[in-house]
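Here is the structure we will look at, set down as structure tokens.
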Amino acid sequence: MTIPFLDLATPHRELKEELVELFTDILLSGRFVGGPVVENFEREFAAYCNVNYCVAVGSGTDALRFALMASGIERESIVLTVPNTFIATTEAISQAGAIPDFVDINEQTYNMDPEKLRDYLETHCVWDAATLMPVHRLTQRPVSAVIPVHLYGQMADMDPITDLARQYNLKVIEDACQAHGAQYYSSLSRQWETAGSMGVAAAFSFYPGKNLGACGEAGAITTNSEELAHKARMLRDHGQSQKYCHELEGYNGRMDTLQAGILSVKLRYLDDWIARRRQAARWYNEFLEELEEVITPAESALCKSVYHLYILRTARRDELKEYLTAHNVDVGLHYPTPLHKQRAYMGRQFSYSAYPVTEKVCREILSLPMFPGLSRQDISFIAHLIQDFDYDEKTSPLYEPHDLTGSPRSE
Ligand SMILES: Cc1ncc(COP(=O)(O)O)c(C=O)c1O
């Protein structure tokens, strides 16, 4: 039995008729960028996220960059996020003219720890009454925004984050690239809120492997601000307010018509796919929760995760990864190296010398296969392999005993 990490072919086989019809219509319409198909998807996705506006763009990275720029963050200001995310989050901060800095994550949820955000604002910043912004003590830069990343499909703890942001005048941009349809119960609004509706803006990725994936690159910004949506529309289209009327220098960051059409078709199935992912997660939990050597994902009572990824943790991660791969189960690492340790940021000073929770978690996490078509039988097969794995270092066949000088024993 071989189990892939992700199955992108089956949903396309199932939707083939609808998708081919759509593809033919767009091919014959001769309209390949923008137009009513894109506008229609924008309306549908805004409604899905429970916001007033959606701006369809070329990728999740575009969405983050344009959302930051359109929200009016100051150049050279600090934007806070977590080191346990994909580099697109910090690339967008730098490309928007700001400086990324990090706060650590919570060990249960793997998302931004609001207490560490508070600690950052209280110990690393002073309040500037003239600009009404926190200013970083060492660099004297203002802190303008925070990007909580809803990693693996579970929303960050948004109430305390938005509360701190209000106190410190920070803009909140959600990185919802892995969290289409995820929900969070806000005790401030006393209702379930949808990912993409809790900040001044949010960014989504429709990269093919995402829960709502295009057949190529695509992304979107969601917001309730008409002004922000208007700026983002200009930024994605060379700064144009109308054809050849450039209000600012922008980018080529529009969504292809074809991708928008495909996303409209797939959006109708998203809730069903999410339900199937949640069922797959329940099956994994049922088989693995009692196993002492692993930690299954903690879904906060305040969250409904959409399980973009199912993350297992174990001290013997590398060995378990090798063992599952050898037994034809594809697994992944999200992410093996925290951002502050990436070569791209070598020589950069961040506010903390270490991010211990991120660093620990990065050594232990393993992403198991997760997609809507996983059956109970598939999961039982994977889980039994995980149960049968020898977690005792000394007796594991993958364990290579070392002598006291540290060199591998030759026999
Ligand atoms: C957390 C996160 N942020 C941003 C992005 C960037 O999205 P894209 O690849 O569509 O540019 C991704 C996509 O992988 C992501 O997972």
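Quick note: the coordinates plus some simple rules give every number you see, no bench work behind them. Model, not experiment: these values are computed from the prediction. Don't worry about glycine lacking a Cβ; one is built from the backbone with ideal geometry, like all the others, and counts go over all protein chains shown.
For Phe204, what is the net charge nearby, where nearby means another residue's Cβ is under 12 Å from its Cβ and Lys, Arg count +1, Asp, Glu -1? In short, -3.
Amide hydrogen proximity for Val33: with H placed 1.01 Å from N in the peptide plane, the residues at 5 or more positions away or on another chain lying under 5 Å are Thr257. Entry note, the chain: relative contact order of 21 percent, from Cα contacts under 8 Å with a spacing of 6+ residues. Averaging the Cα positions of each part gives two centres, and for segment 288-304 and segment 27-84 these lie 33 Å apart. In order along segment 134-143, the phi-based Karplus estimate (6.51 cos²θ - 1.76 cosθ + 1.60, θ = phi - 60°) of 3J(HN,Hα) comes to x, 10, 5, 4, 6, 9, 6, 8, x, 9 Hz; Gly and Pro are listed as x.
Averaging Cα coordinates gives a centre for segment 108-171 and one for segment 177-239; these two points are 20 Å apart.
Each of Cys54, Cys125 has some number of other Cβ atoms within 10 Å of its Cβ, and from fewest to most they run Cys125, Cys54. Cross-link partners of Lys171 among lysines, defined as those whose alpha carbon lies under 20 angstrom from its own and excluding same-chain residues fewer than eight positions apart: Lys116, Lys231. Taking Cα centre as origin and charging only the Cβ of basic (Lys, Arg, +1) and acidic (Asp, Glu, -1) residues, the dipole magnitude of segment 69-188 rounds to 300 debye. Applying the Karplus relation 6.51 cos²θ - 1.76 cosθ + 1.60 with θ = phi - 60° to segment 316-323 yields 3J(HN,Hα) values of 9, 4, 4, 5, 5, 4, 4, 5 Hz, where x marks Gly and Pro. Residues Ser71, Ser187, arranged from fewest to most other Cβ atoms within 10 angstrom of their Cβ, appear as Ser187, Ser71. Neighbour counts of C-beta atoms inside 10 Å place Leu188, Leu132 in the sequence Leu132, Leu188, starting with the fewest. Between Val329 and Ile3, the built amide H atoms are under 5 Å apart, and every one of these is 5 or more places off in sequence or on another chain. Percent of C-alpha pairs per 20 Å bin in the chain, short distances first: 26, 54, 19, 1. Can you find, among His308, Gln95, Gln154, the residue farthest towards the positive end of the dipole of the chain? Put +1 on the C-beta of Lys and Arg, -1 on that of Asp and Glu. Comparing the listed Cα positions along the dipole, Gln95 ranks first. Rounded to whole numbers, the Karplus 3J(HN,Hα) couplings from phi for segment 49-62 are 8, 6, 10, 7, 9, 9, 10, 7, 9, x, 6, x, 5, 4 Hz, using 6.51 cos²θ - 1.76 cosθ + 1.60 with θ = phi - 60°, and x at Gly and Pro.
What you get for the chain, charging only the Cβ of Lys and Arg (+1) and of Asp and Glu (-1), is a dipole of about 980 debye around the Cα centre. The distance between label points at Asn52 and Asp392 comes to 6.5 nm (points 7 Å beyond Cα on the Cα→Cβ vector). Only DSSP H runs of four or more residues enter the estimate; each adds -39500 (n - 2.57), and after division by the residues of the chain the mean residue ellipticity at 222 nm equals -11500 deg cm²/dmol. A straight chain from Tyr269 to Ser380 at 0.36 nm per residue would run longer than the Cα-Cα distance by 37.4 nm. Between Glu17 and Asp119, the distance separating the two model label sites (each 7 Å from Cα on the Cα→Cβ line) works out to 5.7 nm.
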